[in-house]
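The values are calculated or read from the model by the stated rules, or taken from the named source; none is laboratory data. The model shown is predicted, which means the values in this text are computed figures rather than measured ones. FYI the Cβ positions are ideal-geometry reconstructions off the backbone, even for glycines, and counts take in every protein chain you see.
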Amino acid sequence: MNSLHLGAQPGDIAETVLLPGDPLRAKFVAENLLDKAVCYTNVRGMLGYTGYYQGKRVSIQGTGMGMGSAAIYVHELINTYGAKNLIRVGTCGSIQKDMEVGQVILAMSASGDADANALYFKGMHYAATADFDLLLKAYNTAVKLNIKTHQGTIFSTNTFYDTAPNRWDIWEKHGILGVDMETQILFTLAKRFDAKALSILTVSDNIRTGEASSAKEREQSYMDMMRIGFELA
């Protein structure tokens, strides 16, 4: 039985799935890093592929932007297709002045403003964290590949455009490294449904300094985080 939003058949998707937000990043990576890559879904243009990386079967699935979109794909990947390891490979904006574009973050935990979390936990605050085994393996893999990473906490928001002054001051003060739009709900749902999750993020812009990368760079660059993610398969 296939799912409502993926349309893949049972067995089409590997137990380890990399999750970029951009479906075109999934396409680019599948075509350039995977052997025997097969597109198992293009429903709503949200491309997903399964192939082999150094002989290991792995999938890569676009999730779209925001926690509402990501939650749909994470839920179906786990509950319909049996995904066990879900690894976000995406971008974030840093709110620490000394972090440069292109640096890699291994997210240990994710604060945020997910409406779903507020409903799930009846207004209380759930600490959404990565799976420790995946986190440790990712760190050791990065060391082996000579890729410098930053370990710490991030903030996931559903509001990209916000005119509130000094919005990030309190989060910067408390050590938040970067801001994305998906990690908090990924960590929450993985715990909810007994799967493992990790978020590997590349800094695409610095909110404090104004440094930023182009849309093409976001789609086709940042291979360091991809190499870490695929090695975990």
Item to complete: Scan the range 100-136 for residues that are in contact with a strand residue (DSSP E or B) (Cβ under 7 Å, 6 or more places away or on another chain) and on the phi > 0 side of the Ramachandran plot and report the count.
Response: 2
Fill in: Search result, residues across the range 84-125 that are among the hydrophobic types (A, V, I, L, M, F, W, C), part of a loop (DSSP other than H, G, I, E, B) and farther than 23 Å from LEU136 by Cβ
ILE95, VAL101, ALA114, PHE121, MET124
Worksheet entry | All positions within the range 104-134 that are surrounded by 23 or more Cβ atoms within 10 Å (Cβ to Cβ) and out of contact with any helix residue (DSSP H, G or I) (no Cβ under 8 Å at 6 or more places or on another chain) | ILE105
Discussion item. What's the number of the only condition in (1) in a loop (DSSP other than H, G, I, E, B); (2) surrounded by 15 or more Cβ atoms within 10 Å (Cβ to Cβ); (3) aromatic (Phe, Trp, Tyr) that TYR161 fails to meet?
Written reply: (2)
Item to complete: Give the range 48-60 a look and list any residue that's touching a Phe, Trp or Tyr at 6+ places or on another chain (Cβ under 9 Å) and either surrounded by 15 or more Cβ atoms within 10 Å (Cβ to Cβ) or among the hydrophobic types (A, V, I, L, M, F, W, C) (or both), or say none.
Response: GLY48, TYR49, THR50, TYR53, VAL58, SER59, ILE60
Item to complete: Filter the range 67-83 for residues that are surrounded by fewer than 23 Cβ atoms within 10 Å (Cβ to Cβ) and either assigned to a helix (DSSP H, G or I) or at pLDDT below 95 (or both) and give the result.
Response: GLY68, SER69, ALA71, ILE72, HIS75, GLU76, ILE78, ASN79
Fill in: Scope the range 180-202; condition out of contact with any helix residue (DSSP H, G or I) (no Cβ under 7 Å at 6 or more places or on another chain) and surrounded by fewer than 24 Cβ atoms within 10 Å (Cβ to Cβ); matching residues
LYS191, ARG192, ASP194
Fill in: Residues satisfying the stated conditions in the range 76-85, i.e. within 14 Å of LEU186 (Cβ to Cβ) and either of a type in the set (Val, Ile, Thr) or touching a helix residue (DSSP H, G or I) at 6+ places or on another chain (Cβ under 6 Å) (or both)
ILE78, ALA83
Item to complete: Kindly indicate the residue of the range 22-42 that is assigned to a loop (DSSP other than H, G, I, E, B) and farther than 21 Å from LYS84 by Cβ and also farthest from the chain's Cα centre (by Cα) among those meeting that condition.
Response: ASN42
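Table: residues versus (1) at pLDDT 90 or above; (2) hydrophobic (A, V, I, L, M, F, W, C); (3) part of a strand (DSSP E or B).
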residue: ASN140; (1), (2), (3): yes, no, no
residue: TRP171; (1), (2), (3): yes, yes, no
residue: VAL179; (1), (2), (3): yes, yes, yes
residue: GLN184; (1), (2), (3): yes, no, no
residue: PHE187; (1), (2), (3): yes, yes, no
residue: ALA197; (1), (2), (3): yes, yes, yes
residue: LEU201; (1), (2), (3): yes, yes, yes
residue: ALA233; (1), (2), (3): no, yes, no
Worksheet item: Which numbered condition trips up SER69, out of (1) touching a Ser or Thr at 6+ places or on another chain (Cβ under 7 Å); (2) on the phi > 0 side of the Ramachandran plot?
Response: (2)
